[in-house]
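The block underneath contains the structure these notes are about, expressed in structure tokens.
The values are calculated or read from the model by the stated rules, or taken from the named source; none is laboratory data. Worth saying up front: this structure is predicted, and the values here are computed from it rather than measured. As a convention, Cβ positions derive from the backbone with ideal geometry for all residues, glycine included, and neighbour counts pool all protein chains shown. These accessible areas exclude ligands, DNA and RNA; they are computed on the full protein's heavy atoms, side chains included. Shrake-Rupley method; radii C 1.70, N 1.55, O 1.52, S 1.80 Å.
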Amino acid sequence: MPACSRCRSLFSSDAHCKGRIRFGACLELAIARCRQEPGYQFAVMFLDFDRFKLINDTLGHEAGDEMLRQIAGRLRGALRSADAAGPDLSGNVVGRFGGDEFLVLINDLTSHADADVIAERLLHALSLPYDIFGSELRSTARCALPSRRDRRTSPWSMVTSTSPAMSSIS
């Protein structure tokens with residue numbers, strides 16, 4: 001069974017964003033598929049949002065929750081089915097890692113250079129103003145991609161190797 005099909009069965013169809021554990025299951029499937037199919041390529045993006053704590057502190061947690069919903073919606077909307085080149089075009093997964101951190105799994109890349117193009121498109125979509133209960137807010141996102149040669153056996157080792165790099169990205 002392709003990673004995308006099995007992964008899709010783990011979630012309700014109305015979810016905008018997968019949980020960390022379920023995202024990890026999808027990432028495990030992508031890693032396993034990479035071992036089985038030499039030409040298979042995927043990318044994981046780690047996204048961190050600036051000024052999210054300020055939004056929670058000044059406008060309240062309801063506003064923060066609404067912003068997280070809008071972020072997840074923008075990520076899903078900016079990921080096109082054409083970003084996955086394989087036969088199952090719904091294999092891209094957005095997951096909330098925690099707080100204001102999100103993970104994006106892009107399956108079936110034709111080349112790893114495509115991940116950079118997709119990251120730029122996501123960052124552009126996320127840079128537009130947010131309408132949070134009538135207030136226009138802006139938040140920038142930082143994005144990191146694990147090393148192209150990073151084929152670790154654990155999904156979380158792949159993710160944790162990415163998150164320290166976030167402090168060096170502006």
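Okay, here's what the table says:
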quantity	calculated
Subset of region 19-70 (residues that are small (Gly, Ala, Ser), open to solvent by less than 30 Å² (accessible area, probe 1.4 Å) and either within 27 Å of Phe133 (Cβ to Cβ) or not in a helix (DSSP H, G or I) (or both))	Ala43, Gly60, Ala63, Gly64
Which numbered condition Val104 fails, given (1) hydrophobic (A, V, I, L, M, F, W, C); (2) over 11 Å from Ala43 (Cβ atoms); (3) at pLDDT 85 or above	(2)
Every residue from region 31-73 that is charged (D, E, K, R), out of contact with any helix residue (DSSP H, G or I) (no Cβ under 9 Å at 6 or more places or on another chain) and within 19 Å of Leu145 (Cα to Cα)	Asp50
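Yes/no per residue for (1) farther than 20 Å from Arg20 by Cα; (2) at pLDDT below 90; (3) within 17 Å of the chain's Cα centre (by Cα); (4) open to solvent by less than 30 Å² (accessible area, probe 1.4 Å):
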site: Ala125; (1), (2), (3), (4): yes, no, yes, yes
site: Asp131; (1), (2), (3), (4): yes, no, no, no
site: Cys143; (1), (2), (3), (4): no, yes, yes, yes
site: Pro146; (1), (2), (3), (4): no, yes, yes, yes
site: Ser154; (1), (2), (3), (4): no, yes, no, no
site: Thr160; (1), (2), (3), (4): no, yes, yes, no
site: Met166; (1), (2), (3), (4): no, yes, yes, yes
